[in-house]
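Peer 1: Let me begin by handing over the structure; questions about it come next.
The values are calculated or read from the model by the stated rules, or taken from the named source; none is laboratory data. Keep in mind that this is a model prediction, so the values were computed, not measured. Every residue, glycine among them, receives a Cβ derived from its backbone with ideal geometry; neighbour counts consider all protein chains shown.
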Amino acid sequence: MESYISWMDAKEYCAWSRARLPTEAEWEKAARGGLENKEFPWGNQSFSCKQGSSNGAQNHRCDGEMIQVGSFSPNGYGLYDTTGNVWEWVNDWYSEDYYSVSPEENPAGPATGEYRIFRGGSWLYDVPGANLLRVAYRNRHFPYTTNYGLGFRCARDAE
């Protein structure tokens, strides 16, 4: 199944479902699953392609295909596939040095920009040393960009 979802499509869908795209900071906190200072959502050990594994992440080195959501163990918050499978759009505009000037708590990203951010790595890319699967890795595209390695998830504020 191929998605071809632009940032604009993702934002519109989230609004339709009475939600929103997460900020980059929210996405990273959720992806970490409660772990601090670890490379991946499961800790620091390298990833595994074996479905069901606690350190699993789908990427090009596995079999080069997307797989069913939830094929690997969830992270500490119960979220599946925060690393691998598809890159995920977040709400923030991209700025290379934003985190050197951002608020310490709950940064919302720059007010404007040219590119939007996506996070999480993808099955589509060969990942030397699993660098692109790191929780802290970030990348950018124009908001109208689509490809079959980009997806999203929506967020809602806690009540």
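Peer 1: Can you name the residue in segment 37-89 that is among the charged types (D, E, K, R) and more than 13 Å from Val135 (Cα to Cα) and is also modelled with the highest pLDDT among such residues?
Peer 2: For segment 37-89, the residue satisfying everything is Lys50.
Peer 1: For residues that are farther than 15 Å from Trp27 by Cα and outside any helix (DSSP H, G or I), scanning just segment 120-136, find the one that is modelled with the highest pLDDT.
Peer 2: Ser122
Peer 1: Among the residues that make up segment 71-79, is at least one of them in contact with a Lys or Arg (Cβ under 6 Å, 6 or more places away or on another chain) and buried (at least 16 other Cβ atoms within 10 Å of the Cβ)?
Peer 2: no
Peer 1: Another one. Does any residue of segment 46-55 turn out to be in a loop (DSSP other than H, G, I, E, B) and touching a residue at least 60 places away in the same chain (Cβ under 8 Å)?
Peer 2: yes
Peer 1: Being of a type in the set (D, E, K, R), at pLDDT 95 or above and crowded, with 18+ Cβ neighbours inside 10 Å: is that true of Arg156 here?
Peer 2: So Arg156 does not fit the description; no.
Peer 1: Of the conditions (1) within 22 Å of Arg138 (Cα to Cα); (2) among the polar types (S, T, N, Q); (3) in a loop (DSSP other than H, G, I, E, B), Asn91 satisfies every one except a single condition; which number is it?
Peer 2: The single condition Asn91 does not satisfy is (3).
Peer 1: Please go through segment 9-26 and pick out each residue that is at pLDDT 95 or above and of a type in the set (A, V, I, L, M, F, W, C).
Peer 2: Ala10, Cys14, Ala15, Trp16, Ala19, Leu21
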